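The values are calculated or read from the model by the stated rules, or taken from the named source; none is laboratory data. Since we're looking at a predicted model, the values are computed, not measured. Quick reminder, even Gly has a Cβ in these numbers, built from the backbone with ideal geometry, and neighbours come from all protein chains shown. Note: accessible area is taken over every heavy atom of the protein model, side chains too, but ligands, DNA and RNA are not part of it. Shrake-Rupley method; radii C 1.70, N 1.55, O 1.52, S 1.80 Å.
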Amino acid sequence: MPLDPLPYDKHLTDTLDALADRGWAVDHTLFDADLIAALRASCEARWQAGAFHAAAVGRAVNEARREDIRSDAVLWLDESDSDPAVAAYFQRMDAVRQAVNQTLYLGLAELETHFATYPEGAFYKKHLDRFRDDDARTLTAVLYLNPDWPADAGGQMRLYLDEACTQHLDIPPEAGTLVLFLSDRFWHEVRPTHQPRMAVTGWFRRRIGPMPW
Ligand SMILES: O=C(O)CCC(=O)C(=O)O
Ligand SMILES: [Fe+2]
């Protein structure tokens with residue numbers, strides 16, 4: 001698949017402005033339909049091959065399977081993936097990382113990412129993405145792979161817009177929608193889905209550790 005250069009147009013500028021102003025943004029233009037379809041095919045093939053495992057909450061010694069909290073299945077990805085669609089995903093996201101660093105100075109260094117599949121009935125209860133014992137996750141980036149998501153299919157991301165969670169936005173997991181938000185600030189959840197739902201979920205991590213001087 002040819003890799004188009006990142007469409008660094010007015011819309012990305014709007015996305016960066018929104019992130020700077022309010023800490024979250026929803027973008028519909030960074031990932032074109034062909035790339036989304038290829039990512040979905042890759043995700044589906046690996047699901048059929050049984051490559052996913054039940055998702056956990058927490059990390060390291062605090063990692064646990066909690067089906068009362070989340071019931072999705074995940075498959076971690078890395079940049080050396082042989083699928084050109086996955087390689088293109090990492091390339092696009094790296095362009096986002098650089099653009100965000102240039103405008104917001106977040107010092108994003110790397111991306112950790114997985115495919116996520118929510119079977120019918122699955123959900124992920126309200127949470128923050130930053131771990132108690134690891135504050136490197138800085139910007140969450142969720143890209144949806146579901147064409148023609150019906151309005152009554154559930155599965156929306158509910159993004160709480162204030163710390164007290166008095167206001168929220170429900171975002172349908174429609175193919176090509178990319179949701180970006182600051183990982184330590186925005187509570188969110190996945191509403192129970194009434195049909196299988198697929199996403200590529202990524203977290204940009206900042207460099208942690210002593211300063212080099
Ligand atoms: O798939 C989504 O909409 C969000 C997933 C999520 O919140 C997570 O994996 O931490
Ligand atoms: Fe999350």
field: Residue identified as in contact with a Lys or Arg (Cβ under 7 Å, 6 or more places away or on another chain) and over 23 Å from Thr13 (Cα atoms) among Asp162, Asp135, Asp129, Asp152
entry: Asp129
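Considering only region 149-213, give the strands (runs of 3 or more DSSP E) lying wholly within it that have at least 1 residues that are buried (at least 20 other Cβ atoms within 10 Å of the Cβ). Steps first, please.
Working: elements: 157-160, 168-171, 178-182, 188-190, 197-206.
Hits in region 149-213: 157-160, 178-182, 188-190, 197-206.
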task: Looking for whichever is under 18 Å from Gly155 (Cα atoms) and free of Cβ contacts under 8 Å to residues at least 40 places away in the same chain here; the options are Glu79, Glu63, Glu67. Which one fits?
output: Glu67
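The rows are residues; the columns are (1) open to solvent by 10 Å² or more (accessible area, probe 1.4 Å); (2) of a type in the set (Gly, Ala, Ser); (3) in a helix (DSSP H, G or I).
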site: Ala95; (1), (2), (3): yes, yes, yes
site: Thr103; (1), (2), (3): yes, no, yes
site: Ala109; (1), (2), (3): yes, yes, no
site: Gly121; (1), (2), (3): yes, yes, no
field: Count of residues meeting criterion [within 15 Å of ligand 2 (Cβ to nearest atom) and over 13 Å from Ala25 (Cα atoms)] in region 171-184
entry: 2
statement: Taking region 129-148 and the residues there that are modelled with pLDDT under 95 and open to solvent by 50 Å² or more (accessible area, probe 1.4 Å), the one that is farthest from ligand 2 (Cβ to nearest atom) would be Asp133
task: Search region 124-136 for residues being near ligand 1 (Cβ under 10 Å from one of its atoms) and either more than 22 Å from Pro173 (Cα to Cα) or part of a loop (DSSP other than H, G, I, E, B) (or both), and hand back the single one that is farthest from the chain's Cα centre (by Cα).
output: Leu128
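Please specify each residue of region 69-86 satisfying the condition of being within 16 Å of ligand 2 (Cβ to nearest atom) and either surrounded by 14 or more Cβ atoms within 10 Å (Cβ to Cβ) or more than 20 Å from the chain's Cα centre (by Cα) (or both). Explain how you work it out, then say what you get.
Our first condition is that a residue be within 16 Å of ligand 2 (Cβ to nearest atom); within region 69-86, this holds for 69-74, 76.
Ile69, Arg70, Ser71, Asp72, Ala73, Val74 - these are the residues of region 69-86 that are within 16 Å of ligand 2 (Cβ to nearest atom) and either surrounded by 14 or more Cβ atoms within 10 Å (Cβ to Cβ) or more than 20 Å from the chain's Cα centre (by Cα) (or both).
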- prompt: So Lys126 fits all but one of (1) within 16 Å of ligand 2 (Cβ to nearest atom); (2) crowded, with 16+ Cβ neighbours inside 10 Å; what number is the exception?
  reply: (2)
